[in-house]
Every structure is written in C-alpha cells, then in structure tokens.
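What follows draws every value from the coordinates through simple rules; no lab data is involved. Source: prediction; values computed, not measured. FYI the Cβ positions are ideal-geometry reconstructions off the backbone, even for glycines, and counts take in every protein chain you see.
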Amino acid sequence: MERKTITTQPIEGQKPGTSGLRKKTKVFMKPHYLENFVQAVWQAIDGVAGKTLVLGGDGRYFNDRAAQVILRMAAAGGARKVIVGQDALLSTPAASNLIRKRGADGGLIMSASHNPGGIHEDFGIKYNIANGGPAPAEITDKIYAATETLTSYDILETQDVDISTPGSFDLAGMEVEVVDPVADYLELMSQLFDFNALRGLFQSGFTMRFDAMHAITGPYATAVLENALGAAAGTVVNGTPSPDFGGGHPDPNPTWAKTLMDEMMGPDAPDFGAASDGDGDRNMIVGRGIYVTPSDSLAVLAANAHLAPGYSGGLKGVARSMPTSRALDRVAEARGLACYETPTGWKFFGNLLDAGRATLCGEESAGTGSDHVREKDGLWAVLLWLSVLAASGKSVADILAAHWAEFGRNYYSRHDYEAVESTAAERLMQALRDQLPDLPGQTVAGLTVALADEFAYDDPVDGSRAEGQGIRVMFDDGARVVFRLSGTGTVGATLRVYLERLENDPALQQLDAQEALAPVIAAAEALAGIGERTGRVGPDVMT
Ligand code: G16
C-alpha cells in the first residue's frame, strides 16, 4: 500500500448544483474527474485528516467503483474512519441518519437522485455536513473554488477493499466500518411511528403497493413494510436495486411511475400506493383512484402529524420551498404555526430544523421530511401517511376532500420542459426578469397581476442571503405562476413552470387539476412565450 500524490489540473464545470455535482456517468469516469472533486471536498472542509465520514450511494452504475476511490482517498488524506454501507449502498435519508447518530463530521452520498442511471445516464456526488444535511452554499462555493485551482490529489495505491460484509478493518491506518444499510434506519422509524398500530392496519386487510422503481428504497421498504409491519408479500414491487434502475427513470411522479398510477386508477386498485426515487428521499402518494400532489401531501401531513407518536407533541413550525403550493400556509395559519418560505433545495431547511424553528418541511418536487434527519425522506412520508390512514380509518380520497373543505384546495401542477437549449432558456428567464417592474396592475390572459418579483431569501438563522431563486407572478385572485431553471439537470436546461390556483368552494374542488389551472397555464404562456422561445408544443412532464 503506497500513498501517492497524483498531479492533476482543474477540470471545468465542477460546480455543485441544487443537490451536489451531477454529470453524465461517462464524464465522472474520465481520468481524475471524480478524484479532483473529492480532493476539492477535502480542501473545502479543511482537510479530511482525523475526520469520520459516512459513505454510501443509491447503487447506480459506477457507485461501487467510486466508493473504492473515495475510500482510498480518505485513507490517503488521513481520515480517522469511514462508515460505509454494505456494498456501498445507503439511501440518502439513511446516510443522513448515520451521520447524525454516529456524530460523524460529514458524509459523501453517491447519487444523481431521480435522474436515470447507467453508463450512458447520470452519476452524482454530494457532500453532507455534520448535522446530516446537504452542504450549504458556503461549503459548496469552497468546493467549487477548490476545483478551479487544484494541482494534485492524494490516493492510496492498493487493491479494492471488500465491503460486502458488515464488520471493521484497517485501511492504511484508517478504520473502515461496513454497516447494514437498513438497520439504523429501521430503528429510527420504529421510534417515530406506532408499529403496532400500523401492523393492525395491515392485519385489518388494508392493501398497499410500493413501487421502489428498481432503486435504493427496495431493501428499506421490504424491511419496514413487509417484514416489520406485516404487509403482504409483493406489496413492494421493483424492490431490488439495479445499476440502471431497470432501464427506467426513478422519479416518482405520474409520468415515470405510470405502472403504479395505472394500477391505482384501475378497478382492482389497492387502498394505498406509493413510490420513491433513486436515492430514497422523494415520495409519491396515491390513493385508490386519486393522485396526491406533493404540495397537498405536505399540507395533509402537517395537519395530521400529531397522530404519529414522534409528533404527538405538535409541530414547532413548518417550511416549504417557494415554488411549493401555499396549501401548507393555510394549515399553518389555521393552527397558529410559523411557516417559512425558502428557495428550492433541501439545504435551506437545515438551519430552520437545527434552530428548532420548524419540525416539518417539504417541496413540490416530491420531497417531505422532518427534523428526524436533515434530508427529505420518502419512506418516512409513506409511514406518516399510513399513520394518518390508520388513526382516521378514512380513505385517501376522503382525507383529501375533508382537507380541502377545511382549508381550501390549492390546485397545483408543475410543467417541465426538459433539455431546452441553454441560451434559449436563459433568454426566456431574462425576458421575464425585464418585464417584472411593469407587470403589477397588468391583465395577462384575463388575470390581473398583483405582484411580480424574483425571489430572494434571507435566512432568519444565520442571516445569509440567496438571490435569483425564481420568478414569481401573483395574480389578484390568489393564483400564481413561478418560473425557474432546474439546478439538477445534466443536459441543456430544464424550465420549470409552477402553476397554482386557490379554490375555496367545495363544489368546485373535484376538478381535474390541468382543467382548473387552464387560466394560469394560459397566463404563463402569455408571459413567457414558452412555445415560441423553446420550440416546444407542450411540457415533457406534468406533475
Ligand atoms: C433536489 C433537491 C430538492 C429540489 C430538487 C429539484 O432533489 O434536494 O431540494 O427541490 O432537487 O431541484 P431543481 O428544481 O433545481 O431541479 P433531489 O431529490 O434531486 O436530490
């Protein structure tokens, strides 16, 4: 075993996005690409020497190879210990839990989340800090700066280490502890939820389908739902993680989880359906015959969280990302809870959770979570829904109808235009920005603009400011459209258009969302000229 210093040079474009660095797998496989980025992480955290890190990923193509490189680089850098998931597997929430539980200094999670995997698809890596959450801008900026000046990295020259069995061993003075990826997470869930009540639900004949989409949540969902809670065998489908996610797109939304949607809308639908993404932090919730938007799911969970033991004392406050619908705000207002509006990106919730200002938070992008970890957590959201269903004895459709009758319905949808030519997308955003000062008072496709701005966030805990976080146009009837460019794509630009309209009349709360949103969709087109500027006739994905 020899510690080597390898000469390298900066590689362009290693700027972390909304959630770490995501690139085509083949880009990550290029000489020095991964190594440069990992060395930049070490530099950003003032060196890895003496530190304890957690390491794991969602099992996508290159996960196993990258883990070996990271272990050798951690050892070469003098790390004290790396806690690694067996076979280098860990879901994102499980990694967050391990960082917190073991008091680690941080962790590296190998995932491109919901992006497809495989040699021709995407790979990614993100650094999480000691609170278990994604690195804040202060650190990601340092990582990026380091990638621009690197001249060398340190790595151990040795054979691959065997991480296929739990246990500990020494790697050139660094301890490697291989852990069962599921055990600690299962324990945490059993503390937050009443497993006896949930077992009772399944014993009463309640049926469920969980689509793990060939991704990391399979082993977790099987252990929790089928083994611990007694759900029927076969409740979890596509439960074995595969390097290319079975050739699919592990994004739990009605477009990519179509098989589950079809089953849930069919004549023999189970009572409850759910899906999660590549790295297990996102969730999709579906009832028999009814899809629950992530924004509604967040609001329903906030209104009912007290039904689970982990939240029986009530919530300290709630938070949502700006583009997420304001259904949550209505619950917060009714219950007298503080409600925070943050930019897109889970990292912005970290300070609020750490400071005890919020207990529950969520995003329209199928992410919901609480202060139990510092990441969103797909399976946790499913267990909280099951807790609500068990305690209320109602169906998902009845829960939603009652929720809308009490709080109003925020019709909501996101339209995505993927792989748009970057310059065209930037121009579209700039044209919107240029219109902002003149918009208030104008009527656009029949809707009158009340307020228009580009969202900026001042963190109430550390005072940091994030600007340029999406363009929002509010109409005087309570409707809203938000335009943003995604920070997680790997090809061109993804334009996200977030559409929302409030309906307080229960007689009008059962419409199809696209139909109910038609006036807002028309206003968005009139404002942005999406068709003309992108050449697209319609969105690629509608959530
Ligand atoms: C990540 C972030 C989320 C964000 C989502 C979409 O999720 O953690 O906070 O909402 O991306 O971001 P964007 O709109 O910039 O693509 P994940 O599940 O991909 O890690």
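Legend: distances between Cα atoms for Lys101/Lys376; Lys51/Lys316; Lys316/Lys394; Lys126/Lys394; Lys24/Lys376; pairs beyond 28 Å are Lys51/Lys316; Lys126/Lys394.
P(r) for the stretch 185-407, from all Cα pairs and a bin width of 10 Å, is 9, 36, 39, 15, 1 %, short bins first.
The Cα center of the stretch 220-259 and the Cα center of the stretch 1-54 differ in position by 31 Å. Projecting the Cα atoms of Gly531, Ile143, Val48 onto the dipole axis of the chain, where Lys and Arg carry +1 and Asp and Glu carry -1 at the beta carbon, places Val48 farthest toward the positive end. For His120 and Met265 in the same chain, what is the full-extension length gain: residue separation times 0.36 nm, less their Cα-Cα distance, in nm? Result for the pair: 48.9 nm of gain on full extension.
For the chain, a Kirkwood radius taken over Cα pairs fed into Stokes-Einstein (10 °C, viscosity 1.306 mPa s) yields D = 67 µm²/s. Residues Ser395, Ser365, ranked from the fewest to the most other C-beta atoms within 10 Å, line up as Ser395, Ser365.
Using only alpha carbon pairs under 8 Å that are at least six residues apart, calculate the relative contact order of the chain and give it in whole percent. 13 percent.
Taking every alpha-carbon pair under 8 Å whose residues sit at least 6 apart, the stretch 398-543 reaches a relative contact order of 36 percent.
When DSSP assigns beta bridges and you keep just the ones with both residues in the stretch 267-372, what percent turn out antiparallel, to the nearest 5? Around 65 percent of the beta bridges assigned by DSSP in the stretch 267-372 are antiparallel ones. A simple count of charges around Asp105, restricted to other residues whose Cβ falls under 13 Å of its Cβ and scoring Lys, Arg +1 and Asp, Glu -1, yields +4.
A convex hull fitted to the Cα coordinates of the stretch 2-180 yields 99 cubic angstrom per residue. Looking at the chain alone, DSSP beta bridges between its own residues are antiparallel in about 70 percent of cases. Around Val82, with a cut-off of 12 angstrom between Cβ atoms, what is the net charge of the other residues, counting Lys and Arg +1 and Asp and Glu -1? Overall, the nearby charge balance is +1.
Rounded to the nearest whole angstrom, the semi-axes of the ellipsoid equivalent to the stretch 93-209, taken from the Cα gyration tensor as √(5λ), stand at 34, 20, 17, largest first.
Of all DSSP bridge pairs formed entirely within the stretch 2-180, close to 60 percent run antiparallel. Charge dipole (Cα centre; +1 on Lys/Arg Cβ, -1 on Asp/Glu Cβ; no other charges) of the chain amounts to roughly 460 debye. Rounded to the nearest 20 debye, the dipole size of the stretch 31-91 about its Cα centre is 160 debye, using +1 on the Cβ of Lys and Arg and -1 on the Cβ of Asp and Glu. Helical runs assigned H by DSSP (4 residues or longer) give the chain a calculated mean residue ellipticity at 222 nm of -9000 deg cm²/dmol, each run adding -39500 (n - 2.57) before division by the residue total. For the pair Ser190 and Asp512 in one chain, pulling the backbone fully straight at 0.36 nm per residue adds 112.2 nm over the alpha carbon distance. I'd like to know which of Ser295, Trp256, Ile285 lies farthest towards the positive end of the charge dipole of the stretch 246-318, counting +1 on Cβ of Lys and Arg and -1 on Cβ of Asp and Glu. With unit charges placed on the Cβ atoms, the residue in question is Ser295. Between Asp462 and Lys101, the contour length at 0.36 nm per residue exceeds the Cα-Cα span by 127.5 nm.
Overall, the stretch 409-542 carries a charge dipole of about 180 debye about its Cα centre when +1 sits on the Cβ of Lys and Arg and -1 on the Cβ of Asp and Glu, all other atoms neutral.
Taking +1 at the Cβ of each Lys and Arg and -1 at the Cβ of each Asp and Glu, which of Ile216, Ala334, Gly393 sits farthest along the dipole of the stretch 185-407 towards its positive end, judged by Cα position relative to the Cα centre? Looking along the dipole axis, the top candidate is Ala334.
Ordered by the count of other Cβ atoms within 10 Å of each Cβ, fewest first, Arg3, Arg427, Arg480 give Arg427, Arg3, Arg480.
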